[in-house]
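Trainee: Dumping the structure here so I can ask a few things about it.
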């Protein structure tokens, strides 16, 4: 019986991207490089310069939580796959091979795996990184399967890291593991290709085979409009739009009711955040930021912003009612009821936020995001290609010697 690693390796090796696949790859490259550059001054970005290039770039690409997401697998695909492929000297096809492996493996791991507390970006990411690096290196299908198997011991990461430096660092570790596994496979290391199959049930993967048909990245990728956990994109969008259309003054708010399926808040573990990183995983703070800032950006997720007295007051007003069940961050519908001055009650409901696959970003929205991320840098996102993106990252992200100083 063909092992899962072998099946994925053969698919990755034989992949012939379509025009739509390649368009997704180019968009993912631009989005990921931009988000990584936006994180150039983050303390953890400097710390991660002590890693190899792939791990460094992955950490930078993930720390702001502004990177794309694959909804069915709940994995941040490009934060893993773009840095891997750039570090390995590959291009769009290698990225799509890595992304295809990651989305399929992540979907096999399923919601039960994510809701148990695993960071699926890392668990699915390490084997996917190995596959992408191996494709970039031109390895055979057999050697790609070996690389995937060699990455299994490093396929770990937990949601308890959310709100700390460890979240983005463990994504960097997954990329480092994948690159290392591919290099060892290229050098002739051996591994049992059944290792992945033995590991899957240990981490609560749902039974059943992988679907290797269709687009390279099934169901596409969600692009974030706000620099925080994807679980916050919907509540921020709903409340920001409500505040904008009603002219609601945050100072007049006396009560905030939020109703949503319980699955949609699984990663939102910080109810009274005290730091910017914790605020990225707080439903209560997201509500406050949307009311105060209308369109929360980088400045909304600093320590100082989270500690604003006005934000603290609003956080304390949020009442959350969770409907049982669900199996995803966009499950069901979000409903909000905000009590304002003079007894007014404002209602909002939202199914799909802007940037989701059901509401993809416009060219203008994406261009504005890229420009905001690369502000004050002498670089033009429209000129980034798979051939020069690594040089752009090397130029603008801190080097190892800077990290030590």
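The values are calculated or read from the model by the stated rules, or taken from the named source; none is laboratory data. Only a predicted model underlies this, so the values are computations on that prediction, with no experimental measurement involved. Neighbour counts run over all protein chains shown; Cβ positions are idealised from the backbone, glycine included.
Trainee: Hey, does region 162-184 have a residue that's more than 24 Å from the chain's Cα centre (by Cα), free of Cβ contacts under 8 Å to residues at least 60 places away in the same chain and at negative phi? So that I can check it myself, show each step before the final result.
Mentor: Residues of region 162-184 more than 24 Å from the chain's Cα centre (by Cα): 183-184.
Filter once more, keeping what is free of Cβ contacts under 8 Å to residues at least 60 places away in the same chain: 183-184.
Then drop every residue that is not at negative phi, which leaves 183-184.
Within region 162-184 (the criterion being more than 24 Å from the chain's Cα centre (by Cα), free of Cβ contacts under 8 Å to residues at least 60 places away in the same chain and at negative phi), the answer is yes, since at least one residue qualifies.
Trainee: Hey, another quick one. Within region 137-160, is even one residue surrounded by fewer than 20 Cβ atoms within 10 Å (Cβ to Cβ), farther than 20 Å from residue 65 by Cα and without any contact (Cβ under 8 Å) to a residue 40 or more places away in the chain?
Mentor: Within region 137-160 (the criterion being surrounded by fewer than 20 Cβ atoms within 10 Å (Cβ to Cβ), farther than 20 Å from residue 65 by Cα and without any contact (Cβ under 8 Å) to a residue 40 or more places away in the chain), the answer is yes, since at least one residue qualifies.
Trainee: Let me ask another. What number of residues within region 164-194 satisfy the criterion of being over 17 Å from residue 79 (Cβ atoms) and surrounded by fewer than 24 Cβ atoms within 10 Å (Cβ to Cβ)?
Mentor: Of the residues in region 164-194, 12 are over 17 Å from residue 79 (Cβ atoms) and surrounded by fewer than 24 Cβ atoms within 10 Å (Cβ to Cβ).
Trainee: Those residues that are at pLDDT 95 or above, surrounded by fewer than 14 Cβ atoms within 10 Å (Cβ to Cβ) and more than 25 Å from the chain's Cα centre (by Cα), I need them from region 327-349; list them, please.
Mentor: Within region 327-349, 345, 347 meet the criteria.
Trainee: Exactly one of these conditions fails for residue 220: (1) in contact (Cβ under 8 Å) with a residue 12 or more places away in the chain; (2) out of contact with any helix residue (DSSP H, G or I) (no Cβ under 8 Å at 6 or more places or on another chain); (3) at positive phi. Give me its number.
Mentor: Looking at each condition in turn, residue 220 falls short on (2).
Trainee: Taking only pairs six or more apart or across chains, which ones have beta-carbon atoms under 7 Å, a first residue in region 107-120 that is outside any helix (DSSP H, G or I), and a second residue that is modelled with pLDDT under 95?
Mentor: From region 107-120, the pairs are 116/204; 118/203.
Trainee: Looking only at region 126-137, decide whether some residue is touching a strand residue (DSSP E or B) at 6+ places or on another chain (Cβ under 6 Å) and under 22 Å from residue 22 (Cα atoms).
Mentor: no
Trainee: Please work out if residue 191 is under 17 Å from residue 142 (Cα atoms) and in contact (Cβ under 8 Å) with a residue 24 or more places away in the chain.
Mentor: In short, yes.
Trainee: Here is a follow-up. Tally the residues that are buried (at least 16 other Cβ atoms within 10 Å of the Cβ) and at negative phi, restricting the search to region 313-326.
Mentor: Matching residues across region 313-326 total 5.
Trainee: Which condition number does residue 277 fail, the rest of (1) out of contact with any strand residue (DSSP E or B) (no Cβ under 9 Å at 6 or more places or on another chain); (2) under 25 Å from residue 161 (Cα atoms); (3) touching a residue at least 40 places away in the same chain (Cβ under 8 Å); (4) surrounded by fewer than 17 Cβ atoms within 10 Å (Cβ to Cβ) being met?
Mentor: For residue 277, the exception is condition (4).
Trainee: Report, by residue number, each residue of region 238-265 that is farther than 18 Å from residue 322 by Cα and not in a helix (DSSP H, G or I). Can you show your working first?
Mentor: Pass one, region 238-265, residues farther than 18 Å from residue 322 by Cα: 240-254.
Within region 238-265, 247, 248, 249, 253, 254 meet the criteria.
Trainee: Going by the structure shown, is residue 252 touching a helix residue (DSSP H, G or I) at 6+ places or on another chain (Cβ under 6 Å) and surrounded by fewer than 16 Cβ atoms within 10 Å (Cβ to Cβ)?
Mentor: yes
Trainee: Can you tell me which of (1) under 20 Å from residue 196 (Cα atoms); (2) in contact (Cβ under 8 Å) with a residue 60 or more places away in the chain; (3) out of contact with any strand residue (DSSP E or B) (no Cβ under 8 Å at 6 or more places or on another chain) is the one residue 103 doesn't meet?
Mentor: Status for residue 103: all satisfied but (3).
Trainee: Of all the helices (runs of 4 or more DSSP H) wholly in region 1-89, which have at least 3 residues that are farther than 22 Å from residue 100 by Cβ and in contact with a helix residue (DSSP H, G or I) (Cβ under 7 Å, 6 or more places away or on another chain)?
Mentor: 19-38, 43-47, 53-63
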